[in-house]
Structures are given as C-alpha cells and as structure tokens.
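K.L.:
Could you have a look at this structure, given as structure tokens, before my questions?
The values are calculated or read from the model by the stated rules, or taken from the named source; none is laboratory data. Computed from a predicted structure; not experimentally measured. Neighbour counts are summed over all protein chains in view; Cβ atoms, including those assigned to glycine, are modelled from backbone coordinates with ideal geometry.
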Amino acid sequence: MAIEHGSKRLVVGASYGLRDWLAQRITAVLMALFTVVLLVQVLMPGEMGYDKWAGIFAAQWMKFLTFSVIVALAWHAWVGVRDIWMDYVKPVGIRLALHVFTIVWLVGCAGWAIQVLWRL
C-alpha cells in the first residue's frame, strides 16, 4: 500500500484552511477600513441628521465601499459559520440543511441591507 505525500495526496474535510484564513483576514481589514471611513465622515463638523447620513451614502465611492463591505461581511460570516457546522455537526443531512439555511439567511440579510441603504 503506497502512501501518497505532497500535492497528489487526497485532502478531505471542511477546507484547506489557508484560503479561509486569508479570506477572513482580508474581509476583516476591509470592514475595519470602512469603520474608520464612516467614523471620519460622522465626526466631521456639523449637525448629525438625516441629510448628513444621506449625504454620506450618496457619493458613488461610498456606495461602492458600502456594497463591498456588505459582501465582505456576508462572506466573513459564511466562512465562520460554515466552519462551525463542519466541525460540530456530524450528520450530513443536518449539516447540509444548516448550510442551505445559512446561505439563504446571509443573502437575505445582504439584500435587506442594500434595500435599507438605497431604498431599492
């Protein structure tokens, strides 16, 4: 019986790890950057009200950054929750149902966030 090492070995499980680790770090940095940008906008002089909030999210670059952060947040949450399901839920049918529920929930939350921000 031959033991396979290196790139030809069969790897099974939740994922390879590095890709997920890197995805969580990149999305976390993007969300932190967004938080700093939003804080700078909010702390600018002037009265805080609807007009200021609408003005913050009206700029095209802010719409793009906000959309990117919504997608990053959903991806970040997916990687984390998926790993929890893969590690702690052993019956395949229940795990699949939880994966589907999680995806539907995250897509719904992302859609709702976009609808709230831009009244779509």
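K.L.:
Report, by residue number, each residue of the range 38-76 that is of a type in the set (Phe, Trp, Tyr) and modelled with pLDDT of 90 or more. Quick ask: steps written out before the conclusion?
P.N.:
Within the range 38-76, the subset of a type in the set (Phe, Trp, Tyr) is 50, 53, 57, 61, 64, 67, 75.
Across the range 38-76, the qualifying residues are 61, 64, 67, 75.
K.L.:
Residue check: is residue 94 at pLDDT below 95 and surrounded by 11 or more Cβ atoms within 10 Å (Cβ to Cβ)?
P.N.:
Details: at pLDDT below 95: no; surrounded by 11 or more Cβ atoms within 10 Å (Cβ to Cβ): yes.
Against the criterion (at pLDDT below 95 and surrounded by 11 or more Cβ atoms within 10 Å (Cβ to Cβ)), residue 94 does not qualify.
For every residue, the table says whether it meets (1) in contact (Cβ under 8 Å) with a residue 24 or more places away in the chain; (2) surrounded by 15 or more Cβ atoms within 10 Å (Cβ to Cβ).
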position: 58; (1), (2): no, no
position: 79; (1), (2): yes, yes
position: 83; (1), (2): yes, yes
position: 98; (1), (2): no, yes
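K.L.:
Yes or no: residue 75 surrounded by fewer than 15 Cβ atoms within 10 Å (Cβ to Cβ) and closer than 17 Å to residue 114 by Cα?
P.N.:
Values: surrounded by fewer than 15 Cβ atoms within 10 Å (Cβ to Cβ): no; closer than 17 Å to residue 114 by Cα: yes.
So residue 75 does not fit the description; no.
K.L.:
Which count do you get for residues in the range 78-99 that are under 16 Å from the mean Cα position of the chain (by Cα) and either among the hydrophobic types (A, V, I, L, M, F, W, C) or more than 30 Å from residue 62 (Cα to Cα) (or both)?
P.N.:
So the count comes out to 6.
K.L.:
What's the total number of residues in the range 39-56 that are farther than 18 Å from residue 119 by Cβ and surrounded by 13 or more Cβ atoms within 10 Å (Cβ to Cβ)?
P.N.:
From the range 39-56, those farther than 18 Å from residue 119 by Cβ are 39-48; that's our starting set.
Cutting the leftovers down to surrounded by 13 or more Cβ atoms within 10 Å (Cβ to Cβ) gives us 41.
Looking only at that region, the number is 1.
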